[in-house]
1. Scan the range 14-50 residue by residue and report those that are polar (S, T, N, Q) and surrounded by 12 or more Cβ atoms within 10 Å (Cβ to Cβ).
2. For the subset of the range 50-66 comprising residues that are within 13 Å of the chain's Cα centre (by Cα) and among the β-branched types (Val, Ile, Thr), which member is nearest to Lys88 (Cα to Cα)?
3. Just one of the numbered conditions (1) touching a residue at least 40 places away in the same chain (Cβ under 8 Å); (2) hydrophobic (A, V, I, L, M, F, W, C); (3) surrounded by fewer than 20 Cβ atoms within 10 Å (Cβ to Cβ) is not true of Val65; which one?
4. Under the condition of being not hydrophobic (A, V, I, L, M, F, W, C) and not in a helix (DSSP H, G or I), which residue from the range 1-11 is farthest from Ser58 (Cα to Cα)?
5. Testing Ala20 on (1) modelled with pLDDT under 95; (2) within 18 Å of Asp112 (Cβ to Cβ), one condition comes back false. Which one is that?
6. Is there any pair with a first residue in the range 90-110 that is in contact (Cβ under 8 Å) with a residue 24 or more places away in the chain and under 14 Å from Phe22 (Cβ atoms) and a second that is among the aromatic types (Phe, Trp, Tyr) and surrounded by 17 or more Cβ atoms within 10 Å (Cβ to Cβ) whose Cβ atoms are under 7 Å apart and which are 6 or more apart or on different chains, and what are they?
7. Looking at Glu46, Glu76 in this structure, which one is charged (D, E, K, R), farther than 25 Å from Ser13 by Cβ and at pLDDT 90 or above?
8. I need the full set of residues from the range 95-120 which are of a type outside the set (D, E, K, R) and assigned to a helix (DSSP H, G or I), in order please.
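The values are calculated or read from the model by the stated rules, or taken from the named source; none is laboratory data. Just so it is clear, the model here is predicted, and its values are computed rather than measured. Cβ: placed from backbone, ideal geometry, glycine included. Neighbour counts: every protein chain shown.
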Amino acid sequence: MKHIAIGENHLYSKAYNKGAKFVGRGVIVYVLKDLKARLLQKSHPEKQMINRIGLTVSKKLGHAVVRSRVKRILREGLRQTEKTHNIKKGYLIVLVARQSCIDLKSTDIAKDIEKAFYKLNLIDNSISI
């Protein structure tokens, strides 16, 4: 399933200021409880809770081709983590790319995201996949 993007700038600011933070080798992860999660659940076709995802890649990392590649790597790393672990729903998750992210592969980013989710208590251990 395609991820639902965080569309409003104020939600990014909220996640940065009030959310829990994990700094990894290639990515910084911010997590904040989504107050609109129940409303989004009602409008979801399958009536499931969802996470809203935000990607931040600065122009300092490089030109458009590099930034697009980094965003693809971040999405794939998140997809791999969601495939192997049961992630809790109803959160705003912001992934911020770091300079070292340019040289990393999606598996390295997936390990960073997995470690971040463990530290931020986003991986639900009660249900195994």
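1. Result: Gln41, single match.
2. For the range 50-66, the residue satisfying everything is Ile50.
3. In the conditions (1) touching a residue at least 40 places away in the same chain (Cβ under 8 Å); (2) hydrophobic (A, V, I, L, M, F, W, C); (3) surrounded by fewer than 20 Cβ atoms within 10 Å (Cβ to Cβ), Val65 misses (1) alone.
4. The selected residue is Lys2.
5. Looking at each condition in turn, Ala20 falls short on (1).
6. Val94/Tyr12; Val94/Tyr30
7. The conditions single out Glu76.
8. Gln99, Ser100, Cys101, Ile102, Ser106, Thr107, Ile109, Ala110, Ile113, Ala116, Phe117, Tyr118
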